[in-house]
Every structure is written in structure tokens, then in C-alpha cells.
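As C-alpha cells, the structure follows; a few thoughts come after it.
Since every read-out is calculated from the coordinates, none of them should be taken as a lab result. For clarity, every value in this text was computed on a predicted model and none was experimentally measured. Positions of Cβ are generated from backbone atoms using ideal geometry, with glycine treated the same way; all protein chains shown enter the neighbour counts.
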Amino acid sequence: MTVLVVEDDEIILEGLKIALQQEGYEVKVVMNQSDAMALVANGVPFDFCLLDVMLPDGDGYNICREIRRQSEVPILFLTACDDEIHTVLALEQG
């Protein structure tokens with residue numbers, strides 16, 4: 001099973017990658033919206049997504065919308081924000 005992880009914090013990204021690999025997942029990692037969008041646009045296959053909400057060149061919601069145009073793959077948002085609006089925005093994206 002392949003997991004796409006989009007996270008701009010290198011320490012968090014490396015921790016997620018190691019933990020997922022130890023559980024037997026193949027992990028594709030990117031650190032910004034443009035690289036994630038390129039993977040999606042090129043049809044790179046993945047079975048699950050972990051998306052950071054706040055990225056240096058955009059946000060995880062844009063990535064989610066693009067993924068949803070092509071797939072119903074499960075998506076989990078990663079965020080340090082606890083505002084209710086972030087939960088609502090994530091749910092609206094599918």
C-alpha cells in the first residue's frame with residue numbers, strides 16, 4: 001500500500017515516513033503543494049493521503065480538491081490549527 005505524505009516540516013515528515021515504512025507502507029513524500037499537484041496530475045498511484053493544511057505555496061485543501069477530481073482515496077489532514085473552520089473546510093473538500 002502506498003501513502004502520499006505532503007508536509008513542509010522536515011522533522012515531522014521524516015518521522016511520518018519512518019513510522020509508515022516500519023508498518024510496511026511504501027511512502028511518497030513531498031514538501032509543497034506544487035510537487036503534490038504534479039504527482040496527482042501525472043497519475044502517480046497511492047492508496048492513502050496525509051495532507052498538511054498549511055504549506056509554503058498553498059494548502060492541503062487545494063490538493064484534496066485535485067485528488068477528489070480523480071479518486072475517492074482516503075485523505076487525512078494534518079494540522080496544528082484547532083479552529084473549527086479548518087474542520088469544516090476539510091469536510092467540504094470530501
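Order these peptides, 30-36, 67-73, 5-11, by their mean beta-carbon neighbour count within 10 angstrom, highest first.
Final packing ranking: 30-36, 5-11, 67-73.
Under a 5 Å amide H to amide H cut-off, with H placed in plane at 1.01 Å, what residues pair with Val27 once short-range neighbours are removed?
Amide H neighbours of Val27, under 5 Å, 5+ apart: Val3.
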